[in-house]
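S.K.: Quick one: structure below, then a few questions.
The values are calculated or read from the model by the stated rules, or taken from the named source; none is laboratory data. Just so we're clear, the structure is a prediction, and the values are computed from it rather than from any experiment. Backbone-built Cβ (ideal geometry, glycine too); neighbour counts: all protein chains shown. Side chains are part of the model used for accessible areas, which takes the heavy atoms of the whole protein and leaves out ligands, DNA and RNA. Shrake-Rupley method; radii C 1.70, N 1.55, O 1.52, S 1.80 Å.
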Amino acid sequence: MREIQKDISLRQLTTFKIGGPARYFTEAQSFAEIEQAWQFAREHRLNTLILGGGSNMLVSDAGFDGLVIKINLTGMTIQAEDEQTILLNAAAGECWDDVTARCVESGWWGIENLSLIPGSAGALAVQNVGAYGQEASEVIESLDVCDLADGRRFQMTTQQCGFGYRVSMFNTTCPGRYLILSVTLRLKKRGEANLSYRDLAAYFEGKKSPTLTDIREAVIAIRNAKLPDPAIIGNAGSFFKNLTLDLAAFQRMLAHVRRQRGNETAAVIETRCRISGNQVKVPTALLLDVCGLKGLKIGGAALYDKHPLILINATGNATADEVMSLMKTVRQTVYAHTGLEIMPEPNFIGFTQEELECYFAL
Ligand SMILES: Cc1cc2nc3c(=O)[nH]c(=O)nc-3n(C[C@H](O)[C@H](O)[C@H](O)COP(=O)(O)OP(=O)(O)OC[C@H]3O[C@@H](n4cnc5c(N)ncnc54)[C@H](O)[C@@H]3O)c2cc1C
């Protein structure tokens with residue numbers, strides 16, 4: 001059995017570079033090691049935390065009072081193929097960007113716009129990862145999972161996952177219950193560039209149809225220009241989700257903004273939101289901007305100047321409490337000025353219910 005270590009700092013195991021220790025910690029390179037870790041947690045009545053690349057979580061300063069299982073399962077195998085499609089299985093511990101690189105090199109379409117997203121293949125389904133017009137749920141064929149309630153291993157279909165915008169059953173109705181062992185992707189051997197996202201369309205304006213490699217390079221260039229490199233500045237990507245409102249809610253929000261911030265601000269929001277039928281996409285970065293939140297800092301935590309949706313560990317020594325206090329101020333300010341409640345993307349680890357209620361109070 002792989003060693004179960006005690007009091008291991010989680011700080012360096014997350015891209016935020018924040019957080020206290022795990023009471024117990026182990027790494028699993030095989031299903032047998034996962035079973036052993038699961039058995040240990042049951043015997044000692046411990047909560048478990050499944051850890052991939054740590055790029056979508058904020059660990060509390062107190063750390064995690066349970067067993068952290070870092071998933072290191074590796075391997076990519078072709079499960080089936082025909083003239084049009086290929087089913088590629090990636091083990092949960094594979095680096096997601098290695099999977100995208102392999103698919104692009106092999107000429108398989110479907111995940112090229114998801115290039116350079118940090119983290120593991122296993123976490124792909126958890127928040128239905130998406131970027132630049134593509135979403136994980138469009139290519140996930142099935143998942144090999146282990147139910148941590150009883151240790152049972154089975155195949156889960158896409159339909160069972162409850163996918164939506166940045167959500168699945170894994171981060172809503174059943175958080176922490178299923179350990180994803182591998183993901184099978186359905187990719188196309190012939191495809192067309194998805195340039196629905198504005199930045200990508202602008203990148204290729206006036207150029208002939210881009211190849212898979214062109215798209216991957218473009219996505220990497222755009223991301224590198226906009227997003228902080230977690231190896232240099234601690235962060236967990238976008239901290240807040242974008243909003244989609246129905247027209248009535250959108251009009252109510254505009255009326256609220258007119259009262260709080262005046263007609264001019266409401267007009268700015270109205271012109272910059274995309275209306276499609278009864279739905280309006282409201283970029284949360286725009287709300288932060290019109291609420292005057294740009295450049296806000298609390299202790300070592302700050303809004304990233306090039307992309308206000310990203311909260312950063314600006315000093316390298318920020319605490320989880322500072323990040324959460326910053327989140328609270330941002331949410332309260334946006335709520336006061338627009339009447340909208342914006343929601344965070346990362347998973348909050350090791351906070352008590354009372355602490356979370358306080359940080360989420362509006
Ligand atoms: C710079 C930067 C840019 C980013 N850009 C994007 C983006 O464009 N789009 C996007 O969607 N996300 C983005 N993210 C967020 C993040 O990279 C993704 O959500 C990623 O899928 C998280 O993978 P991870 O392995 O690091 O997960 P972790 O942070 O380790 O875990 C996240 C959650 O998933 C659970 N989990 C992890 N592995 C498993 C498993 N095998 N089985 C079951 N549960 C598991 C964990 O318990 C936790 O609840 C970005 C993050 C950063 C730092």
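S.K.: So, restricting to strands (runs of 3 or more DSSP E) that lie completely within the stretch 34-94, which ones have at least 1 residues that are open to solvent by 20 Å² or more (accessible area, probe 1.4 Å), without any contact (Cβ under 8 Å) to a residue 40 or more places away in the chain and in contact with a Lys or Arg (Cβ under 8 Å, 6 or more places away or on another chain)?
M.R.: Ranges flagged: 76-81.
S.K.: Determine which member of the set Thr271, Thr265 is of a type in the set (Val, Ile, Thr), free of Cβ contacts under 8 Å to residues at least 12 places away in the same chain and part of a helix (DSSP H, G or I).
M.R.: Thr271
S.K.: Additional query: So is Lys281 more than 25 Å from Gly164 (Cα to Cα), loosely packed, with under 15 Cβ neighbours inside 10 Å and not assigned by TED's automatic domain parsing to the domain that holds Asn56 or not?
M.R.: no
S.K.: Read through the list (1) modelled with pLDDT of 95 or more; (2) within 14 Å of the ligand (Cβ to nearest atom); (3) within 19 Å of Trp96 (Cβ to Cβ), then give the number of the only condition that Asp147 fails.
M.R.: With (1) modelled with pLDDT of 95 or more; (2) within 14 Å of the ligand (Cβ to nearest atom); (3) within 19 Å of Trp96 (Cβ to Cβ) applied to Asp147, the lone miss is (3).
S.K.: Going residue by residue through the stretch 269-277, is there one that turns out to be open to solvent by 40 Å² or more (accessible area, probe 1.4 Å), among the acidic types (Asp, Glu), away from the ligand (no atom under 16 Å from the Cβ) and in contact with a helix residue (DSSP H, G or I) (Cβ under 9 Å, 6 or more places away or on another chain)?
M.R.: Checking the stretch 269-277: at least one residue is open to solvent by 40 Å² or more (accessible area, probe 1.4 Å), among the acidic types (Asp, Glu), away from the ligand (no atom under 16 Å from the Cβ) and in contact with a helix residue (DSSP H, G or I) (Cβ under 9 Å, 6 or more places away or on another chain).
S.K.: Now for a different question. Which residues, taken from the stretch 165-214, are touching an Asp or Glu at 6+ places or on another chain (Cβ under 7 Å) and free of Cβ contacts under 8 Å to residues at least 60 places away in the same chain?
M.R.: Those that are touching an Asp or Glu at 6+ places or on another chain (Cβ under 7 Å) and free of Cβ contacts under 8 Å to residues at least 60 places away in the same chain: Arg177, Tyr178.
S.K.: Something else: Within the stretch 233-248, count every residue that is over 17 Å from Gly133 (Cα atoms), in contact (Cβ under 8 Å) with a residue 24 or more places away in the chain and not β-branched (Val, Ile, Thr).
M.R.: 8
S.K.: Here is a further query. Report yes if some residue within the stretch 215-232 is touching a residue at least 12 places away in the same chain (Cβ under 8 Å), more than 16 Å from the ligand (Cβ to nearest atom), open to solvent by less than 50 Å² (accessible area, probe 1.4 Å) and in a loop (DSSP other than H, G, I, E, B); otherwise report no.
M.R.: no
S.K.: Kindly provide the set of residues from the stretch 163-182 that are more than 7 Å from the ligand (Cβ to nearest atom), in a loop (DSSP other than H, G, I, E, B) and surrounded by fewer than 19 Cβ atoms within 10 Å (Cβ to Cβ), ordered by number.
M.R.: Within the stretch 163-182, Tyr165, Met169, Thr172, Thr173, Cys174, Arg177 meet the criteria.
S.K.: Still on this structure: State the number of residues belonging to the stretch 129-144 that are within 12 Å of the ligand (Cβ to nearest atom) and either of a type in the set (A, V, I, L, M) or over 16 Å from the mean Cα position of the chain (by Cα) (or both).
M.R.: Summing the residues that are within 12 Å of the ligand (Cβ to nearest atom) and either of a type in the set (A, V, I, L, M) or over 16 Å from the mean Cα position of the chain (by Cα) (or both) in the stretch 129-144 gives 5.
S.K.: Filter the stretch 183-208 down to the residues that are surrounded by fewer than 19 Cβ atoms within 10 Å (Cβ to Cβ) and within 17 Å of the chain's Cα centre (by Cα) and list them by number.
M.R.: Result: no residue meets the conditions.
S.K.: So how many residues does the stretch 242-262 have that are more than 29 Å from the chain's Cα centre (by Cα) and part of a strand (DSSP E or B)?
M.R.: Counting residues in the stretch 242-262 that are more than 29 Å from the chain's Cα centre (by Cα) and part of a strand (DSSP E or B) gives 0.
S.K.: Filter the stretch 235-252 down to the residues that are more than 10 Å from the ligand (Cβ to nearest atom), among the polar types (S, T, N, Q) and crowded, with 16+ Cβ neighbours inside 10 Å and list them by number.
M.R.: The answer is Asn242, and nothing else.
S.K.: Then there's this: Report whether or not Ser115 is at pLDDT 95 or above, within 11 Å of the ligand (Cβ to nearest atom) and under 26 Å from Val282 (Cβ atoms).
M.R.: Considered against the rule, which asks whether it is at pLDDT 95 or above, within 11 Å of the ligand (Cβ to nearest atom) and under 26 Å from Val282 (Cβ atoms), Ser115 comes out as no.
S.K.: Looking at the stretch 329-340, can you tell me whether even one residue there is touching a strand residue (DSSP E or B) at 6+ places or on another chain (Cβ under 9 Å) and part of a loop (DSSP other than H, G, I, E, B)?
M.R.: yes
S.K.: Additional query: Filter the stretch 311-326 down to the residues that are within 18 Å of Pro230 (Cβ to Cβ) and of a type in the set (A, V, I, L, M) and list them by number.
M.R.: Leu311, Ile312, Ala314, Ala318, Ala320, Val323, Leu326
S.K.: Hey, could you check the stretch 306-328 for residues that are assigned to a strand (DSSP E or B) and buried (at least 18 other Cβ atoms within 10 Å of the Cβ) and say which is farthest from the ligand (Cβ to nearest atom)?
M.R.: The extreme case among them is Pro308.
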